[in-house]
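Read the structure below first, then the notes.
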Amino acid sequence: MGIRPGLRLGGVIWLAGMAGVIVLTLTVVPQLLLKGPVPVPVWLILTASLVQSGVLLALAVWAGVALSRPLGLRAPVLQAIADRSGWWSAAKPQIVPGLIGGLVAGAMLVAAVNAAPAALREAGASLTIPLAARLLYGGITEEILMRWGLMTLLAWLGWRIVARGAGMPRPVHLWSAALVAALLFGIGHLPAISAMGIRLDPEVVTYAIVGNAVPGFLFGVLYARWGLESAFLAHALAHGVAVSAGAV
């Protein structure tokens, strides 16, 4: 992939992810700031949050653009948009897997919310997360960070270390990367849970890790098998199912 095509693809993916960052920062972060004294102006905190998230997103985008191709990992629709070619033909093979994965993950999410520890349910009830934030940040931004960025990096490292970069990666490299990325995503929720004043007892820790890792692994399988946009669709639909069911 040449520099200019890679930059175009990276720019398209970064802009797609930043839409979720902006919505989440402007709608959810202010609610968190109301929970305690704020030592600096709110606008400064929001600006810093946007910049930090934008940089982190850029790193994930770079990792995916730089490392995905030799692994056979793809973002066909976003690539088509970057190439100014027909995106619909790239999207069609991903729709049915994405819909099925979204319905399955949505059912998991509803069950997980209903089984959440009481402390987490109470904390969740105190936050209002708009549907747009759930769809754009959860459905797109998180997938760029965790699948396009982290999972791709982990798969590339496994391929380079175990197979020394020879030939195409074996399925075990992709599935292992999908699992580790999903587990890390679950673990990554723990600092935020602790910051909300919730004690990280075994029940809360297990719930946070497993509840995020199981659907995360499913999204990783979709990404590896059909493309990043199938994971977008599945993740966003899972949130839509949960909202429709009144679970969140």
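Only one of the numbered conditions (1) under 20 Å from residue 59 (Cβ atoms); (2) in contact with a His (Cβ under 9 Å, 6 or more places away or on another chain); (3) surrounded by fewer than 18 Cβ atoms within 10 Å (Cβ to Cβ); (4) β-branched (Val, Ile, Thr) is not met by residue 187, and that is (2).
Condition check for residue 77 on (1) assigned to a helix (DSSP H, G or I); (2) of a type in the set (A, V, I, L, M, F, W, C); (3) touching a Ser or Thr at 6+ places or on another chain (Cβ under 8 Å); (4) in contact (Cβ under 8 Å) with a residue 40 or more places away in the chain: one failure, at (3).
Helices (runs of 4 or more DSSP H) wholly in region 182-248 with at least 2 residues that are in contact with a helix residue (DSSP H, G or I) (Cβ under 7 Å, 6 or more places away or on another chain) and farther than 15 Å from residue 102 by Cα - which ones? Show your work before the answer.
Details: elements: 190-195, 202-226, 228-244.
Of the helices (runs of 4 or more DSSP H) lying wholly inside region 182-248, those with at least 2 residues that are in contact with a helix residue (DSSP H, G or I) (Cβ under 7 Å, 6 or more places away or on another chain) and farther than 15 Å from residue 102 by Cα span 190-195, 202-226.
Residue by residue, here is whether (1) basic (Lys, Arg); (2) at pLDDT below 90; (3) within 21 Å of residue 238 (Cα to Cα) holds:
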position	(1), (2), (3)
143	no, no, yes
147	yes, no, yes
197	no, yes, no
224	no, no, yes
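For residue 55, the conditions (1) under 21 Å from the mean Cα position of the chain (by Cα); (2) closer than 18 Å to residue 223 by Cβ; (3) free of Cβ contacts under 8 Å to residues at least 40 places away in the same chain all hold with the exception of (2).
Hey, among 151, 146, 108, which residue is within 23 Å of residue 214 (Cβ to Cβ), in a helix (DSSP H, G or I) and either open to solvent by 60 Å² or more (accessible area, probe 1.4 Å) or basic (Lys, Arg) (or both)? Outline the logic, then answer.
Details: 151 fails: either open to solvent by 60 Å² or more (accessible area, probe 1.4 Å) or basic (Lys, Arg) (or both); 146 fails: either open to solvent by 60 Å² or more (accessible area, probe 1.4 Å) or basic (Lys, Arg) (or both).
Every option except 108 fails the conditions.
Test residue 81 against the criterion of being in contact with a helix residue (DSSP H, G or I) (Cβ under 8 Å, 6 or more places away or on another chain), of a type in the set (A, V, I, L, M, F, W, C), at pLDDT below 95 and open to solvent by 40 Å² or more (accessible area, probe 1.4 Å), and give yes or no. Judged against the criteria, residue 81 is not a match. Would you confirm, using the coordinates I've provided, whether residue 194 is free of Cβ contacts under 8 Å to residues at least 24 places away in the same chain and of a type in the set (S, T, N, Q)? So residue 194 fits the description; yes.
For region 20-40, the criterion of a residue being part of a helix (DSSP H, G or I), under 21 Å from residue 196 (Cα atoms), in contact with a Gly (Cβ under 8 Å, 6 or more places away or on another chain) and not small (Gly, Ala, Ser) is satisfied by at least one position. Scan region 161-172 for residues that are on the phi < 0 side of the Ramachandran plot, in contact (Cβ under 8 Å) with a residue 60 or more places away in the chain and either open to solvent by less than 80 Å² (accessible area, probe 1.4 Å) or not hydrophobic (A, V, I, L, M, F, W, C) (or both) and jot them down. Within region 161-172, just 169 meets the criteria. For region 152-162, the criterion of being modelled with pLDDT of 85 or more and within 13 Å of the chain's Cα centre (by Cα) is met by at least one residue.
The values are calculated or read from the model by the stated rules, or taken from the named source; none is laboratory data. All values reported here derive from a predicted model rather than from experimental measurement. As a convention, Cβ positions derive from the backbone with ideal geometry for all residues, glycine included, and neighbour counts pool all protein chains shown. What goes into the accessible areas is simple: the full protein's heavy atoms, side chains included, and nothing from ligands, DNA or RNA. Shrake-Rupley method; radii C 1.70, N 1.55, O 1.52, S 1.80 Å.
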